[in-house]
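What follows is a single structure, written as structure tokens, with notes after it.
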Amino acid sequence: MRARLLAALSVLALATVVLAQSYEADLRRAIDVAARHPIFAAALPQYPGWTASGYDAQDRYGTWRVDFAAAGGAPIGWAQVQLETERVLSWEGGFGLEGEVYAVAEAALLDFLRHDPEFVAFAGEVDEREGAWVGYQAWRDTWIVQLERGPESLTVILSSGHAWARSLEDLRIVQIQVPSVVSVEDWRSRRGADAIALAFADSRVAAAVRGSDGWTTEVEALDRSVWRVRFMADGAVVAEVDVDLRERMVVATR
């Protein structure tokens, strides 16, 4: 009896070892599939000593989750892998550009903008003296360049013809954004506040509202740069001013 029990326990122990070895093999395979995805294949070499962990979600899709971390433990990205087909279903990475990698990307991206006829026709020459920042947006496989030009700064989004490989070849411009061109609501709010401040600086307006408690304002855009400001007190208009925001001056007072 005891011999049969020991034999059964030995078989169970062996089966447990085999299952554990099989699971570890599948985990290594899932990590390998994720690491071979172009976005991770290009980025992980920047993190010497990187580590990976994962688990079998045991769902109907056969999904494995793989997390990548830097040597110090900081997360650098994750992937969901369907192991049966060795397909990376989704991924996300917070890959920064540092040191020589940043310098190479900056040189390539700015050189492209300097020699792209359509960009130069739109934005003018890219001056080496103006500030610039470059980055990579892993969530949509695009490069980003920010040109610091004060209120005329630009954000340029570019993509490569080599998908998900963080390539700097075969570049094309996807978007050009002017950060100072905000939403219509924000624009109205900012311009209206600017018009009120400019109008209130006029001595005639200050005299008209002096002594009025709880006065309010209304603003109205008349054209591209001229705004009308009404100062109200007790339900009546006490001053009405037209200001030109481009010229920074009062053009009419009533």
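Readers should treat all values here as calculations from the given coordinates under stated rules, not as data from a laboratory. Quick caveat, the model's predicted, so the values are computed rather than measured. For neighbour counting, all protein chains shown are included, and Cβ atoms are generated from backbone atoms with ideal geometry for every residue, glycine included.
Here are the numbers:
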{"item": "Rg/Rg_globular for the stretch 24-92, with Rg_globular taken as 2.2 N^0.38 Å and Rg from C-alpha atoms", "result": "1.03"}
{"item": "Rotationally averaged projected area of the stretch 99-177 (alpha carbon convex hull; nm²)", "result": "5.2"}
{"item": "Shape metrics for the stretch 162-254, restricted to C-alpha atoms - Rg then Dmax, Å", "result": "20.9, 69"}
{"item": "Ranked list, fewest to most other Cβ atoms within 10 Å of each Cβ, for Phe231, Phe40", "result": "Phe231, Phe40"}
{"item": "HN-Hα J in Hz across the stretch 175-186 - Karplus 6.51, -1.76, 1.60, θ = phi - 60°, x for Gly and Pro", "result": "9, 10, 10, 10, x, 6, 8, 8, 5, 4, 4, 5"}
{"item": "Ellipsoid equivalent to the chain - semi-axes via the Cα gyration tensor, in Å", "result": "63, 27, 14"}
{"item": "Listed residues Gln177, Ala132, Gly99: farthest to the positive end of the dipole of the stretch 99-177 (Cβ charges)", "result": "Gln177"}
{"item": "Karplus-derived HN-Hα couplings along the stretch 63-70 (A = 6.51, B = -1.76, C = 1.60, θ = phi - 60°), whole Hz, x at Gly and Pro", "result": "8, 10, 9, 10, 10, 9, 9, 6"}
{"item": "Segment Ile176-Ala71, extension gain: residue separation times 0.36 nm, minus the distance between their alpha carbons", "result": "34.1 nm"}
